[in-house]
1. So if each residue of separation counts as 0.36 nm, and I subtract the Cα-Cα distance between residue 179 and residue 62, what length gain in nm does that give?
2. Placing +1 on the Cβ of each Lys and Arg and -1 on the Cβ of each Asp and Glu in the chain, which of 379, 145, 411 has its Cα farthest towards the positive end of the resulting dipole?
3. Taking H placed 1.01 Å from N in the peptide plane, check which residues at least 5 places from residue 97 or on another chain put their amide H under 5 Å from its amide H.
4. Can you put 93, 351 in order, fewest other beta carbons within 10 Å first?
5. Name the long-range amide H neighbours of residue 67: under 5 Å, sequence gap of 5 or more, or other chain; modelled H, no Pro or chain starts.
6. Determine, from the Cβ-Cβ distance of residue 366 and residue 400 and an R0 of 51 Å, the FRET efficiency 1/(1 + (r/R0)^6), rounded to the nearest 0.05.
7. Which ³J(HN,Hα) values, rounded to whole Hz and listed in residue order, are derived for the stretch 163-180 from phi using the Karplus coefficients 6.51, -1.76 and 1.60 in 6.51 cos²θ - 1.76 cosθ + 1.60 with θ = phi - 60°, glycine and proline given as x?
8. For residue 156, enumerate residues with amide H under 5 Å from its amide H, sequence gap 5+ or separate chain, H modeled in the peptide plane.
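Each reported figure results from applying straightforward, stated rules to the coordinates on display, with no laboratory input. In this text, all values refer to a predicted model and were calculated from it rather than measured experimentally. Note that each Cβ is placed from the backbone with ideal geometry, even for glycine, and that neighbours are counted across all protein chains shown.
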Amino acid sequence: MRFTRRTALAVVGVAALLAPAACGSGDDSGGSGGKNVEVFTWWADGGEKAGLDGLVSTFGTACPDYTFVNGAVAGGAGANAKQVLASRLQQGDPPDTFQAHAGAELQDYINAGQIEDLSAQYKEWGLTEALPKGLLDNLTVDGKIYSVPSNIHRANVLWSNKSVLSKAGITSEPKSLDELFANLDKLKNSGVAAPLAVGKDWTQLMLLESVLITDLGPEKFTGLWNGSTDWNGADVAKGIEDFKKLLSYSNKDRDTFDWTDAEKLVMDGKAGYQLMGDWEAADLDAKGFKDYGYSVFPGNGETFQWLADSFVLPKGAKNPEGTKCWLKTVGSAEGQKAFNTKKGSIPARTDANAADYPAYQQTAIAAWKTATQVPSCAHGSACSQGFQGAANSALGKFSSDQNVGELQKAMAAGAKQFAKK
Ligand code: GAL
């Protein structure tokens, strides 16, 4: 075979696809006495990888008998990882541990009988006292607790390029959607190609959720996910209209963009703003970009849209003892500090010292204590994976057809189909 650039790329691609599975089924990972602990995440680059690296270094010290094996599959919000994971779970080939969002998404794995009860470990490791009650409730089903949270992220943050805003004459943070639209117009008039940077489906779902928090208020917004707010209401229609108007200020190639591609538009001065979770703080830091600003999405007031990454012990994991050592590290004060100072998130534990954290996280730690909390569908705290998939495809369709009524109908149908039993 002639070794052309195309064959080289194909070989690299196949190797990348095989890598995680091969790591998990290597000879010394399985059975008793195995050392390897395959940790499956989607934290492959930038600030996400830096956070994972922090945790891995604490694991190295705390669990010297075991070896971390990186099973990460790249792609924001687990867009690719979740598919790979689903097929491995189906084939009875689970990694030793995997990342799962607290709340409805975790419940999917519990309902499917795919993960173990960790209640005894919670007692042994003192986690019941160390974690806040609201979060514990989101990890518990029928009195049993199934995962160890590493952090709490905030989803409803508007990031900006300060120089780009200042060149456009923008001097203050937008406090309402009207003010945001006025600023987007200023950016457009100053020649910024895509005033608002947007990525594909799940990033659009995040933007829609932020707009709905503004237009419905936190209580009615939460009701969209627990069945107490009707998706067919006029207030939801108004929210989708506002969302549609926001998309008109975005980059046209949004449907091919991951969140980091949209972030690059902000870094390169080709966009002014981006709505994204606070993993963006860590990623901008990791990439050395300092000229960024942040504020809560306009009109969200004191609402903190939360999500939490957590780790589980899958049924049939090859190295359950090694996995327990990983989980203990994830829940420990040292592990949470090593991870969260680099990840943009705040510790799930209540005993952390805010002064250990970068400036952004200090604001988030303070806000978390007093804010009204609402969950996120795009990141699993509010809705099941089924509803999330339906929402992502409805948004993908809306991105091209812009049909407000159809998007509203699709979301209402999703809510009905995936209603909590
Ligand atoms: C979320 C996850 C975060 C971050 C983000 C972007 O779902 O909870 O930790 O990784 O995706 O990939």
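1. Additional length available on full extension: 37.1 nm.
2. 411
3. 38, 40
4. Lowest count first: 351, 93.
5. Those lying under 5 Å, H to H, from residue 67 are 36, 37.
6. Rounded to the nearest 0.05, the efficiency is 0.80.
7. Ordered by residue, 3J(HN,Hα) equals 5, 5, 5, 5, 4, 8, x, 8, 10, 9, 6, x, 9, 9, 4, 4, 5, 5 Hz.
8. Those lying under 5 Å, H to H, from residue 156 are 305.
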